[in-house]
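Undergrad: My structure is below; once you've seen it, I'll send some questions.
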Amino acid sequence: MSATLTLRRLEEAGVRLSVEGEILRLRGQQPEPALLAEAKARKAELIRLVAERDAEEIEERQAIQAEAMVGRPGSEHRRQVEGLIASVLQRPPSWADPASCPAPGSYCGCCGRFDAKPSGRWWRERENPSGWCCWSCHPPVHLSVEDVVEVRT
Ligand SMILES: [Zn+2]
């Protein structure tokens with residue numbers, strides 16, 4: 001019986017073989033005495049066969065993982081997306097659409113452009129709003145606190 005056939009018969013009998021260093025481990029079902037004796041006689045060949053099989057499985061798994069990575073966003077794509085998000089969150093110091101409330105993360109393109117992590121503080125009139133303004137660039141000094149709606153982003 002060849003080592004390949006011995007390996008197949010062991011696995012068909014429910015024995016799981018693994019190699020740890022130079023040690024051949026048999027797990028699962030207990031092989032019948034004749035098959036166990038055959039395994040002991042061909043131990044060195046079985047170690048080589050199981051090690052080769054395990055290496056092929058690892059190689060195959062790595063190939064599948066590498067294939068799954070194709071088409072995923074790389075660092076260049078991620079940087080472009082981050083740039084797009086940053087440009088969407090950048091707002092002018094003021095704009096004339098009261099319905100266009102600054103979104104979370106919005107920052108002023110004038111005073112916030114040099115901050116590493118800019119945040120925004122915006123206001124509009126409570127009655128008859130004309131639009132939104134940056135608190136730093138256009139502070140509402142002409143209005144009282146009750147006449148202002150404030151949003152922090
Ligand atoms: Zn500003």
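No value in this document is a laboratory result; all are computed from the given coordinates. On a predicted model such as this, the values are computed, not experimentally measured, just so you know. We place every Cβ from the backbone using ideal geometry, glycine too, and count neighbours over all the protein chains shown.
Undergrad: Just the ratio, please: alpha-carbon radius of gyration of region 20-110 over 2.2 N^0.38 Å, N its number of residues.
TA: Cα-based Rg divided by the globular estimate yields 2.48.
Undergrad: Give me the net charge of C134's neighbourhood, meaning all other residues with Cβ under 9 Å from the Cβ of C134; Lys, Arg count +1, Asp, Glu -1.
TA: Combined, the nearby Lys, Arg, Asp and Glu give +2.
Undergrad: Specify, per residue and in Å³, the volume enclosed by the convex hull of the alpha carbon atoms belonging to region 91-153. If you can, show how the numbers build up before the last one.
TA: Details: hull volume 4.5 nm³, N = 63.
Each residue corresponds to 71 Å³ of Cα convex hull volume.
Undergrad: Here's something else I'd like to know. Most exposed first by the Cβ proxy, i.e. fewest other Cβ within 10 Å, how do T4, T153 rank?
TA: On the way: T4 12, T153 18.
Final ranking by Cβ density, sparse to dense: T4, T153.
Undergrad: What residue among C110, L46, G21 has its Cα farthest toward the positive end of the dipole of the chain, where the charges are +1 on Lys, Arg and -1 on Asp, Glu, each on the Cβ?
TA: About the Cα centre, the residue reaching furthest to the positive side is G21.
Undergrad: Order by neighbour count: L143, L84, L24, fewest other Cβ atoms within 10 Å first, most last. Can you show the working numbers first?
TA: Working: L143 13, L84 10, L24 19.
Fewest to most other Cβ atoms nearby, the residues stand as L84, L143, L24.
Undergrad: Something else: Express in whole angstrom the spacing between the alpha-carbon centres of region 38-79 and region 113-136.
TA: If we compute the Cα centre of each part, the gap is 55 Å.
Undergrad: Counting only residues 5 or more places away or on other chains, whose amide H sits under 5 Å from the amide H of W135 once H atoms are built in the peptide plane?
TA: R121, W122, W123
Undergrad: Looking at the chain only, what percent of DSSP beta bridges run antiparallel? Nearest 5 please.
TA: Expressed as a percentage, antiparallel bridges in the chain total about 90.
Undergrad: Also: Kindly put S75, S119 in sequence by how many other C-beta atoms sit within 10 Å of each C-beta, fewest to most.
TA: Ascending number of Cβ neighbours within 10 Å: S75, S119.
Undergrad: While we're on this one: Working from the alpha-carbon coordinates of region 3-69, get Rg over Rh, Rh being the Kirkwood radius. Before the final figure, lay out the partial values.
TA: Working: Rg = 13.7 Å, Rh = 12.8 Å.
Expressed as Rg/Rh, it is 1.08.
Undergrad: Please compute P(r) over all alpha-carbon pairs of the chain, binned at 10 Å starting from zero, and give each bin as a whole-number percent.
TA: Cα pair-distance distribution for the chain, in percent: 10, 23, 12, 8, 7, 9, 11, 12, 7, 1.
Undergrad: Expressed as a rounded percentage, what relative contact order does the chain have, with Cα pairs under 8 Å and six or more residues apart?
TA: Dividing the mean separation by the residue count of the chain yields 15 percent.
Undergrad: Now, a different point. Please determine, in degrees from 0 to 90 and to the nearest 10, the orientation of helix 3-12 with respect to the longest principal axis defined by the Cα atoms of the chain, where the helix direction is its Cα long axis.
TA: 70 degrees
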